[in-house]
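First comes the structure, then the notes that go with it.
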Amino acid sequence: MEEFPRKYTFRTGIKAFLDLIVKKNNLSVIHNSEVQSISVKDSLYTISTNGETYQTKKIAFATDPQTTGRLLKDIAADISGVLSDIQLSRSESLNVVVEKDHISLKEIAGIIPMDDAFSSVVARDTVLHPLYRGFTFHFEDGKKTLGEQIKTACEVLNISEKDIVEHSSTKHLLPAPRIKDMNIAERIDTHKDIYVLGNYLYGLSLEDCALRSAEEYKRYKTSLM
Ligand SMILES: Cc1cc2nc3c(=O)[nH]c(=O)nc-3n(C[C@H](O)[C@H](O)[C@H](O)COP(=O)(O)OP(=O)(O)OC[C@H]3O[C@@H](n4cnc5c(N)ncnc54)[C@H](O)[C@@H]3O)c2cc1C
């Protein structure tokens, strides 16, 4: 992928790129569906979600390592054991929207603090909006209440709470592999009908995730020959 730009900002967010892939390839995507268990009989996998059951001969996982490990417990105990052991780190973010006229902070890409009041801020100033500015504050999970997070945001942005037009919160889950978790891919690419994708195989970045997906797709194509 070296021929592609290393840094890119989507004007309408990265979801627009994913929506395009789905549309272009006429893919069927089911939202708000939680896979609860998977079983296998005569090489046919049965996937049970909160409401539906699906059957398939080949299956790919793109969930965090512990969820994938749990779902694989009864169908591939060897892979399950490796993945269930990978630690996770949790964080949360507060997104705030402010009217442009109510904030004097000059345009920024982000902020890295000297203390631990928050982990970082990412600003939306790279994609300017005629009326509003947006900032995402990242915090360690569970360290501050929503009220305390909003207070921190107001102090950093030098605004008052009433200047916040809208805010929302998001929880994040990221793998925290240790040295013993190196070369996971070599240890789990052992089943010709099971594919494992995600940010704990080659690295955390979206590029790493895309590279892993491309490799698993190659393995899938080879298995059809
Ligand atoms: C705050 C933050 C900022 C980042 N910024 C950057 C950046 O600027 N550039 C960059 O390259 N990378 C960045 N990253 C890293 C990158 O975004 C992630 O590594 C990548 O998105 C992970 O993709 P994934 O598909 O492996 O996992 P996820 O995006 O976590 O997807 C896993 C999905 O599985 C779903 N799921 C879980 N359990 C089940 C179940 N039982 N049934 C069905 N679905 C389930 C979850 O709902 C989730 O949608 C950032 C990460 C964070 C947290």
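The values are calculated or read from the model by the stated rules, or taken from the named source; none is laboratory data. Nothing here was measured: the structure is a model prediction, and the numbers come from that model. Please note: Cβ atoms are built from the backbone with ideal geometry, for glycine as well, and neighbour counts cover all protein chains shown.
Structure values in brief
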item: In the range 93-134, residue surrounded by the fewest Cβ atoms within 10 Å (Cβ to Cβ) [restricted to those that are touching a Gly at 6+ places or on another chain (Cβ under 9 Å) and small (Gly, Ala, Ser)]; result: 120
item: Helices (runs of 4 or more DSSP H) (entirely within the range 13-120) containing at least 2 residues that are in the same structural domain as residue 218 (by TED's automatic domain parsing) and in contact with a helix residue (DSSP H, G or I) (Cβ under 9 Å, 6 or more places away or on another chain); result: 65-71, 77-84
item: Among the candidates 189, 163, residue that is free of Cβ contacts under 8 Å to residues at least 60 places away in the same chain and not small (Gly, Ala, Ser); result: 189
item: Scope the range 150-169; condition of a type outside the set (A, V, I, L, M, F, W, C), within 17 Å of residue 110 (Cβ to Cβ) and in contact with a Leu (Cβ under 7 Å, 6 or more places away or on another chain); matching residues; result: 158
item: Residue that is farthest from residue 66 (Cα to Cα), among those in the range 14-43 that are among the small types (Gly, Ala, Ser) and within 16 Å of the ligand (Cβ to nearest atom); result: 16
